[in-house]
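Since the structure comes first, as structure tokens, the remarks are kept for the end.
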Amino acid sequence: MDLSSISNDSNIPSSGEACVAIVGLGFSGVATALHLLRGLPPGATLHLLERGDSAGRGVAYGTRCDSHLLNVPAGRLGWDPADEASFLAWLTERGTTDPQGQPLAAADFAPRRLLGSYLEHGLTQAIDAARARGVRVRSGLPGVTGLVRQGPCWRLQLSDGSTLSASQVVLATGHLPPARPPVTDAASGDSAWQAPGWFADPWAQPAWCELPAEADVLLLGSGLTAIDMVTQLRDQGHRGRITMLSRRGLLPQPHRVLEARPRPGLSPISELGPDLKLRLVLRAVRRWVAEAEADGRDWRDVMASLRSCTPKLWQRLTVRDRRQFLRHVQPWWDTHRHRLAPVLWQALQDDMAAGRVASVAGRLRHAEQLADGRWALQWQPRGSAEIQGAEVHAIINCTGPTSSLRHATDPLLASLRERGMLSADALGLGLLTDTQHRPLDSSGVAVEDLFYIGPMLKAQHWEATAIPELRQHAAQTAQAVLAEYAVRCQVERAAA
């Protein structure tokens, strides 16, 4: 859905009274909007603002590569927690098939772009239905660069220079760009990372897609972003050597073939008890995996059991234990928790067996661009003092999006942070919010009429980047917005 193609309600008030604005229309923003479009009463106003051209896409679902597959089976990806099968129903209604011409089933891993189309379609229908019952919707608005409190309202500064007002604002700004890789050699300064052939953010710099077919490429990282790059380069007929360099050389694990809903089989919260220590949790997880294997299941069932209670477990860990988890456990957690569709995992194994792709463990120590445009690299293998060299035509930063509010360069988030309206957590994972998804300011007080939904909830919930968790947060955010909206309307009616 091209946002500019949606006609706007010409009678929308500009005062901002009893008016809601959603900033960002990736999955989190669209899911929140869909709940609000159902729940806002006739006469209400909803502003939808997105710096991109379309809704529902964001980083993940904006891809046009059919081989970029979802990493959750289609039957569990509806935007509404109460109707998780709605994505599959949408695919079925449209007769969507797999590469063999068979209808997509609940256990299949569909192309990611289809989820973006599903969200676009759902938002279009919801806007039409809401307008039909008297909700005023203004869409096709640009991104937001500033947000200032003015009396009972918020004044939003838009990227095109215009402004608008709203009584409540939902920040759904999505993922932050990847951080610059920690190259230890001081010679690899800022100027080196501004040269051609260095792609700091592969999703924002599509020129990497135009690399010569014979180019040798270094991917910094070996997680899901790196697999995306390998997949798209393969689809384009790339023949050059691709090397994935990461500190531990770990790769995402595969889902089961014909994945059904995992059988949890245990209750981690009750089994772990109130005195939660990281080492005790790790010991218990190893025991559960052994028990699952003895029962004909595997570690995926243990991960499924942990998933629903992960936020509670995370919140019960001390800051010291959380820091230890991030330092020593997170790489293994990520590769087992964020898994690949079986077909992508098999394609990666085939590429590695054929020598087209290599995964190595180590640290990049030095990168320097040569006169012919190639890059001279020096890297240190894990567990070795030896320095190895190589030359490549391009380097793509595949370390993945960050969630650190302290390093956010987005004008809106940076300005709110500098003014003390957003607070980062102690570990740099995101921002702090209350139970109503309202950000906490620098004094620890919830900011009234401001809400946040998105991956920076990771600071307090850890699980805050996948659809099954984000749709729950979206529903809770919308509920909080609607409750405050109702109170504001009552106050306005009493004052009148």
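What net charge is computed for the residues neighbouring residue 96, neighbours being all others with C-beta under 13 Å from the C-beta of residue 96, Lys and Arg scored +1, Asp and Glu -1?
Surrounding charge for residue 96 is -2.
I'd like the orientation of helix 278-294 relative to the chain: the angle between its Cα long axis and the longest Cα principal axis, in ° from 0 to 90, rounded to 10.
Orientation of helix 278-294: about 70 degrees from the principal axis.
Which distance in Å, rounded to a whole number, links the C-alpha centroids of the stretch 87-106 and the stretch 141-160?
41
Would you mind putting 41-50, 387-396 in packing order, based on average other-beta-carbon counts within 10 Å, highest first?
Per-residue mean Cβ counts within 10 Å order the peptides as 41-50, 387-396.
Under 11 Å from the Cβ of residue 440, count the other residues' Cβ atoms, weight Lys and Arg +1, Asp and Glu -1, and hand me the total.
Value of the local net charge: -2.
Determine Rg/Rh for the stretch 369-496; Rg is computed over alpha-carbon atoms and Rh is the Kirkwood hydrodynamic estimate from the same atoms.
Ratio value, two decimals: 1.21.
For the stretch 235-254 and the stretch 367-411, what is the separation of their Cα centres, given in Å?
14
Output wanted: per-residue J couplings in Hz (rounded whole) for the stretch 139-152, from phi through Karplus 6.51 cos²θ - 1.76 cosθ + 1.60, θ = phi - 60°, x for Gly and Pro.
Computed from phi, the couplings for the stretch 139-152 are 10, x, 8, x, x, 10, 10, x, 8, 10, 7, 10, x, x Hz.
Between residue 426 and residue 89, what's the calculated FRET efficiency when r is the beta-carbon distance and R0 is 51 Å? Round to 0.05.
0.75
Could you state the angle between the C-alpha long axis of helix 342-353 and the longest principal axis of the C-alpha atoms of the chain, as a value from 0 to 90 degrees rounded to the nearest 10?
The helix 342-353 is inclined about 30 degrees to the chain.
What is the dipole size for the stretch 326-403, taken about its Cα centre, with +1 at each Lys and Arg Cβ and -1 at each Asp and Glu Cβ, in debye to the nearest 20?
Taking the Cα centre of the stretch 326-403 as origin, the dipole is about 360 debye.
Which order, highest average first, do 108-118, 148-158 follow once you tally other Cβ atoms within 10 Å for each residue and take the mean per peptide?
108-118, 148-158
Tell me, what is the FRET efficiency for residue 479 and residue 363 to the nearest 0.05, using R0 = 56 angstrom and their Cβ-Cβ distance as r?
FRET efficiency, residue 479 to residue 363: 0.75.
Among 389, 352, 318, which residue has its Cα positioned farthest towards the positive end of the charge dipole of the stretch 318-421, with +1 placed on the Cβ of Lys and Arg, -1 on the Cβ of Asp and Glu, and the dipole taken about the Cα centre?
318
Suppose the chain between residue 286 and residue 128 were pulled fully straight at 0.36 nm per residue; how much longer would it get relative to their current alpha carbon spacing?
Using 0.36 nm per residue and subtracting the Cα-Cα distance, I get 51.8 nm.
So what's the back-of-envelope 222 nm ellipticity for the chain, counting only DSSP H runs of four-plus at -39500 (n - 2.57) apiece and dividing by all residues, rounded to 500?
Computed ellipticity for the chain at 222 nm equals -10000 deg cm²/dmol.
Compute the semi-axes of the equivalent ellipsoid of the chain, taking the square root of 5 times each eigenvalue of the Cα gyration tensor, and list them largest first in whole Å.
Rounded to whole Å, the semi-axes are 38, 27, 25.
Taking one equal scatterer on every alpha-carbon of the stretch 39-109, how large is log10 of I(q)/I(0) by Debye at q = 0.13, 0.23 1/Å?
After summing over all Cα pairs, the log10 values are -0.53, -1.14.
What's the angle, to the nearest 10 degrees (0 to 90), between helix 224-235's Cα axis and the longest principal axis of the chain?
For helix 224-235, the angle is close to 70 degrees.
Enumerate the calculated ³J(HN,Hα) couplings along the stretch 57-62 in order (Karplus 6.51 cos²θ - 1.76 cosθ + 1.60, θ = phi - 60°), each rounded to whole Hz, writing x wherever the residue is Gly or Pro.
Working through the residues one at a time gives 8, x, 5, 6, 9, x Hz.
Of 39, 124, 445, which is farthest on the positive side of the dipole of the chain, counting Cα position, with +1 on Lys and Arg Cβ, -1 on Asp and Glu Cβ, and the Cα centre as origin?
445
Place a point 7 Å from the Cα of residue 338 along the Cα-to-Cβ direction; which residues of the stretch 166-180 have their backbone N under 13 Å from it?
Answer for the stretch 166-180: 175-179.
Using a 1.4 Å probe and counting only protein heavy atoms, arrange 159, 308, 246 so the residue with the most accessible area comes first.
If we order 159, 308, 246 from most to least accessible, we get 308, 159, 246.
Using a Förster distance of 22 angstrom, determine the FRET efficiency expected from the C-beta separation of residue 207 and residue 374, and round it to 0.05.
Taking R0 as 22 Å, the efficiency between residue 207 and residue 374 is 0.85.
For residue 360, what is the net charge nearby, where nearby means another residue's Cβ is under 13 Å from its Cβ and Lys, Arg count +1, Asp, Glu -1?
Overall, the nearby charge balance is +4.
So, with +1 on the Cβ of K and R and -1 on the Cβ of D and E, and no other charges, what is the size of the charge dipole of the chain about its Cα centre, to the nearest 20 debye?
The calculated dipole for the chain is roughly 1200 debye.
What's log10 of I(q)/I(0) for the stretch 283-386 at q = 0.17, 0.20, 0.24 Å⁻¹, Debye sum over Cα points only, no solvent?
-1.08, -1.18, -1.27
What is the set of long-range amide H partners of residue 145 at a cut-off below 5 Å, with H atoms built 1.01 Å from backbone N?
Residues meeting the amide H criterion: 157, 158, 159.
Rounded to the nearest 5, what % of the DSSP beta bridges within the chain are antiparallel ones?
Once the DSSP bridges in the chain are tallied, antiparallel ones form about 50 percent.
The values are calculated or read from the model by the stated rules, or taken from the named source; none is laboratory data. As the structure is a prediction and not an experimental result, all values here were calculated from the model. Note: ideal-geometry Cβ built from the backbone for every residue, glycine included; neighbour counts use all protein chains shown. In case anyone asks, the SASA skips ligands and DNA or RNA and just uses the protein heavy atoms, side chains included. Shrake-Rupley method; radii C 1.70, N 1.55, O 1.52, S 1.80 Å.
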